[in-house]
Amino acid sequence: MTSTAADRAARPFLKWAGGKGRLLAQLEPFFPRRFRRYVEPFVGGGAVFFHLWNAGRLPAAVILSDHNEELINAYRVVRDQVEALVDRLAEHRRRHSRAHYYAIRALDRRPDPGLDAVARAARTIYLNRTCYNGLYRVNRRGQFNVPMGRYANPAILNAPVLRAASRALQAVALDTLTLEDLVAPAQPGDFYYFDPPYDPVSPTANFTSYTAGDFGEADQRRLAAVYRALTGRGCLCMLSNSHTPLIRELYAGFRLEVVRATRAINSNARRRGAIDELVVLNY
């Protein structure tokens, strides 16, 4: 059977809060035409990375990073051991049940769960595909705490998607860099796309716990300082965030564009709708 372009296209293999898949058409006009190196410090589901890769617009040097170590481990396993991962996910699919879900979720409560990299990645993807609303959330101790979702037939294993993602990731450096780590190696012409945890639009809208530490106002200010430092080094910087007074204040003087985003993750279904988001550009 001959593969089609759709079969070869890479796309996110995880659901992720704030994923940019539905915003790509609005973001496309803002991506620079040429750049020396691509760096994405909050990769999440990777929709922007995969979009640029499919379009053949990525340079040879690409760095994807995230504070979430389990997420970066999953990316590394998809890149380096995709067939072993497919086998593990097939086992999860065969055994899936309420009891199995909560047993797998509870593994991070053990002092030493005995999971190798492939088993950890399979756990992350399995929980992501079967938990409530595809939400990744941990408590202060870093323990995954999302209840099981109500799916008749969850898509636990999609081998073509994993293999396409593996092809896209082959030459990619994957890391868990701090914000400050980003500045020292930066050179003119590097393109940084930032998609951090968003500044909450209301006191009840705060969702920052995709790692054990929250990403609060102090972190938003650190990020803005890094953005300005990279600008001073001649880098091309693009950032997505909430359309809030804090974000407008932090990036005053830069080009601010508004896009309309659809929120797919909210405990109240009536609040899953379109909302303004900011895109900050230094070019």
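The values are calculated or read from the model by the stated rules, or taken from the named source; none is laboratory data. Treat the numbers as computed from the prediction; the structure is a model and nothing was measured. Using ideal geometry, Cβ is built from the backbone for each residue, glycine included, and neighbour counts are taken over all protein chains shown. The protein model used for the area step is the full one, side chains on, heavy atoms only, and it has no ligands, DNA or RNA in it. Shrake-Rupley method; radii C 1.70, N 1.55, O 1.52, S 1.80 Å.
Any residue in segment 55-68 that is farther than 19 Å from G45 by Cα sitting within a Cβ distance under 7 Å of a residue that is in a strand (DSSP E or B)? List the pairs, counting only those 6 or more apart or interchain.
What qualifies is P59/Y38.
Every residue in segment 6-27 that is under 19 Å from A168 (Cα atoms) and either not small (G, A, S) or not in a loop (DSSP other than H, G, I, E, B) (or both), please. Working first, answer last.
Pass one, segment 6-27, residues under 19 Å from A168 (Cα atoms): 6-16, 19-21, 24.
Answer for segment 6-27, where residues must be under 19 Å from A168 (Cα atoms) and either not small (G, A, S) or not in a loop (DSSP other than H, G, I, E, B) (or both): A6, D7, R8, R11, P12, F13, L14, K15, W16, K20, G21, L24.
For segment 51-72, enumerate the residues that are surrounded by fewer than 19 Cβ atoms within 10 Å (Cβ to Cβ) and in a loop (DSSP other than H, G, I, E, B).
The answer is A55, G56, R57, P59, A60, A61.
Give me the pairs, please: first residue somewhere in segment 173-192 and more than 19 Å from N282 (Cβ to Cβ), second residue anywhere and open to solvent by less than 40 Å² (accessible area, probe 1.4 Å) and not basic (K, R), beta-carbon distance under 6 Å, and either six or more positions apart or on two chains.
A173/I63; L174/L64; L174/I72; L174/Y75; D175/S65; T176/I72; L177/S65
Quick one: how many residues across segment 15-54 are at pLDDT below 95 and closer than 17 Å to A74 by Cα?
Matching residues across segment 15-54 total 4.
Residues being surrounded by 14 or more Cβ atoms within 10 Å (Cβ to Cβ) and touching a residue at least 24 places away in the same chain (Cβ under 8 Å): count how many of those fall in segment 92-109.
So the answer is 6.
Name the strands (runs of 3 or more DSSP E) wholly inside segment 179-263 in which the number of residues that are under 19 Å from L27 (Cα atoms) and modelled with pLDDT under 95 is 1 or more. Break it down stepwise before answering.
Working: elements: 191-194, 236-242, 255-262.
Filter on segment 179-263 gives 255-262.
Of (1) in contact (Cβ under 8 Å) with a residue 24 or more places away in the chain; (2) more than 14 Å from N128 (Cβ to Cβ), L89 satisfies all except one. Which?
Failed condition: (2).
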